[in-house]
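Notes for the one structure printed next.
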Amino acid sequence: MLRYKADVRTLVYMVTTTGLLIAQWVVGYVHPVLFPLSLFMAVTVAVIAHNHNHLPVWKSRSLNHLTDYWLTLFYGFPAFAWKPTHNMNHHVLNNREGDYTITWRVTEGNHFFSLMSYPSISSFFQQTPIKGYLQHLRKKDKRSFWLAIGQYVALAAFVGVALVIDWKKAVFFIIIPQQFALFAILLFNYVQHVHANEESEWNHSRNFVGPALNALLFNNGFHTVHHERAGTHWSLTPQEHAKIDHLIDDSLKERSFWWYMIRTYILSPFIPKFRTKSMRIERIRQEEEAKRKKAAEAGSQAVEHAKVFSLGDSRIEEEVAE
Ligand SMILES: [Zn+2]
């Protein structure tokens with residue numbers, strides 16, 4: 001029934017996440033082990049939602065729709081929204097102008113404040129394509145429209161009922177993990193693209209190539225290859241990445257996610273060598289330099305022309321005088 005056997009891991013993760021909610025609800029307080037674990041599992045739900053959106057887990061359509069609903073409840077946002085914001089926009093424009101999740105909308109910098117403000121700003125701008133997509137579905141694909149609306153309803157009912165039963169438990173065991181998941185996945189998008197060169201064939205994304213993060217998060221560190229071949233199953237991305245690894249600039253291959261985060265967002269204000277260099281700004285600088293050179297060359301040619309013409313003019317004048 002599964003498209004790829006490897007997705008047994010996806011199911012284990014989802015069952016664990018669901019089990020953690022039940023366990024915490026029964027325990028009734030913010031448990032020092034269960035709560036952090038539930039935050040981590042919420043992040044994995046966001047990653048699974050991304051994977052399932054690109055390549056659905058099941059062969060059966062109905063099971064995929066059910067999984068969309070399951071993911072929606074733990075991800076904290078309707079799963080269908082990946083389509084207009086991610087597949088149809090981000091994967092097409094890849095951090096270029098018009099990408100609603102663009103990393104350089106407010107600032108060209110890459111620092112703690114740009115990182116922390118990015119998820120909220122990005123979420124705000126993503127509501128436009130979601131609205132447009134729903135309007136499109138309402139006219140062209142009624143079934144998908146109602147499936148999408150159903151996800152909003154299921155999410156609202158899930159959170160609403162939980163709040164009514166016990167608002168404190170609902171906040172800590174459902175709402176906070178959901179918000180954490182949404183924040184984390186947008187933060188991943190930011191670090192995977194910020195200061196890369198969106199116009200480059202191979203240097204448009206930052207990759208986290210260490211084994212630990214990729215083992216825990218379904219190989220989601222290999223981002224260049226994901227953009228090149230978004231339909232590739234997550235279990236196959238490491239071997240696909242290996243084929244193009246030599247084409248990617250070394251500065252866009254980070255072994256450790258955490259060392260990148262600590263270095264770039266905490267230490268870099270004090271240690272300048274830890275600041276990332278913007279490949280995008282460097283490309284713009286080179287383009288402007290080339291334009292200036294071209295203009296200067298055109299200018300000097302014009303001067304040469306003018307000289308020749310003025311020589312010609314003076315000769316003509318002399319001839320006329322004679
Ligand atoms: Zn993607």
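The values are calculated or read from the model by the stated rules, or taken from the named source; none is laboratory data. These numbers come from a predicted model, not from an experiment. Counting neighbours? That spans all protein chains shown, and the Cβs are built from the backbone with ideal geometry, glycine included. Note: areas computed on protein heavy atoms with side chains; ligands, DNA, RNA excluded. Shrake-Rupley method; radii C 1.70, N 1.55, O 1.52, S 1.80 Å.
Give the calculated FRET efficiency between Lys142 and Ala242 to the nearest 0.05, with a Förster radius of 41 Å applied to their Cβ-Cβ distance.
0.40
Find how much the distance from Lys131 to Val12 grows on full extension, using 0.36 nm per residue of separation minus their present alpha carbon separation; answer in nm with one decimal.
39.5 nm
Hey, what angle do you get for helix 8-27 against the long axis of the chain, alpha-carbon based, 0 to 90 degrees rounded to 10?
Compared with the principal axis, the helix lies near 60 degrees.
On a 0 to 90° scale, report how tilted helix 279-321 is relative to the longest principal axis of the chain, with both axes built from alpha carbons and the result rounded to the nearest 10.
Value to nearest ten degrees: 20.
Can you work out the PRE-style zone for Leu55? Point 7 Å along Cα to Cβ, and I want the residues of region 192-223 with backbone N under 17 Å.
Only 214-223 pass the distance filter.
Take the solvent-accessible surface of the protein heavy atoms, probe 1.4 Å, and return the percent of it on the chain that carbon and sulfur atoms account for.
Solvent-exposed carbon and sulfur of the chain make up 65 percent of the total.
Taking R0 as 45 Å, what FRET efficiency do you get between Glu97 and Val27 from their Cβ-Cβ distance, rounded to the nearest 0.05?
0.40
Given a Förster radius of 25 Å and the C-beta distance between Ser123 and Ala230 as r, what FRET efficiency does 1/(1 + (r/R0)^6) yield to the nearest 0.05?
In this case the efficiency is close to 0.70.
Here are some pairs, Lys142/Lys169; Lys243/Lys294; Lys5/Lys140; Lys253/Lys273; Lys131/Lys168; which of them have Cα atoms lying more than 26 Å apart in this structure?
Lys142/Lys169; Lys243/Lys294; Lys5/Lys140; Lys131/Lys168
Mind putting a number on the dipole of the chain about its Cα centre? Charges go on the C-beta only, +1 for Lys and Arg and -1 for Asp and Glu, and I need it in Debye to the nearest 20.
In debye, rounded to 20, the chain gives about 1820.
What do you get for the angle between helix 176-193 and the principal long axis of the chain? Use alpha-carbon atoms, 0 to 90 degrees, nearest ten.
20 degrees
May I ask for the longest run of the chain untouched by chymotrypsin sites (Phe, Trp or Tyr not before Pro) that are loop-located per DSSP and have at most 12 neighbouring C-beta atoms (other than their own) within 10 Å?
Answer from the scan: 30-269.
Relative to a virtual label point 7 Å from the Cα of Glu288 in the Cα→beta-carbon direction, which members of region 167-207 show backbone nitrogen distances below 18 Å?
The answer is 195-199.
About the Cα centre, and with charges only on the beta carbon of Lys, Arg (+1) and Asp, Glu (-1), how big is the dipole of region 1-128? Nearest 20 debye, please.
Value, rounded to 20: 420 debye.
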